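A quick write-up on the structure given underneath.
The values are calculated or read from the model by the stated rules, or taken from the named source; none is laboratory data. Keep in mind the model is a prediction, meaning the values are calculated, not measured. As a convention, Cβ positions derive from the backbone with ideal geometry for all residues, glycine included, and neighbour counts pool all protein chains shown.
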Amino acid sequence: MLYLSQILIEHHELENFEQLVEIVKKRKTEDRFFRMDIIPPFPDTPDNWEDRLEASFY
């Protein structure tokens, strides 16, 4: 299972939400499930961030 917090710990270089979306897209082939256990800490994180990340993973 892939956790959002795990991605953020592994990728300190991320500067915005769109970069996070790209990482989630890349990781979907490695993991079967994705859990959003924290809110992304970026100033450009949209209100529908959960839907966007879920759509990029599945």
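I need the full set of residues from region 46-58 which are more than 11 Å from the chain's Cα centre (by Cα) and surrounded by 11 or more Cβ atoms within 10 Å (Cβ to Cβ), in order please.
Once the filter is applied, which keeps residues that are more than 11 Å from the chain's Cα centre (by Cα) and surrounded by 11 or more Cβ atoms within 10 Å (Cβ to Cβ), region 46-58 yields only PRO46.
Of the residues in region 13-54, how many are in a loop (DSSP other than H, G, I, E, B), at pLDDT 95 or above and out of contact with any Leu (no Cβ under 9 Å at 6 or more places or on another chain)? Let's see the steps before the verdict.
The initial filter retains those residues of region 13-54 that are in a loop (DSSP other than H, G, I, E, B), namely 13-16, 28-33, 36-48.
Still in the running and at pLDDT 95 or above: 13-16, 36-48.
Filter once more, so that each one left must be out of contact with any Leu (no Cβ under 9 Å at 6 or more places or on another chain): 13, 15-16, 43-44, 46-48.
Number satisfying all stated conditions: 8.
What residue, of ILE23, ILE38, is free of Cβ contacts under 8 Å to residues at least 60 places away in the same chain and touching a strand residue (DSSP E or B) at 6+ places or on another chain (Cβ under 9 Å)?
Values: ILE23 fails: touching a strand residue (DSSP E or B) at 6+ places or on another chain (Cβ under 9 Å).
ILE38 is the lone residue from the list that is free of Cβ contacts under 8 Å to residues at least 60 places away in the same chain and touching a strand residue (DSSP E or B) at 6+ places or on another chain (Cβ under 9 Å).
Please verify whether ILE9 is surrounded by fewer than 11 Cβ atoms within 10 Å (Cβ to Cβ) and either assigned to a loop (DSSP other than H, G, I, E, B) or on the phi > 0 side of the Ramachandran plot (or both), treating the condition exactly as stated.
On the way: surrounded by fewer than 11 Cβ atoms within 10 Å (Cβ to Cβ): yes; either assigned to a loop (DSSP other than H, G, I, E, B) or on the phi > 0 side of the Ramachandran plot (or both): no.
Taking the combined requirement at face value, the residue does not satisfy it.
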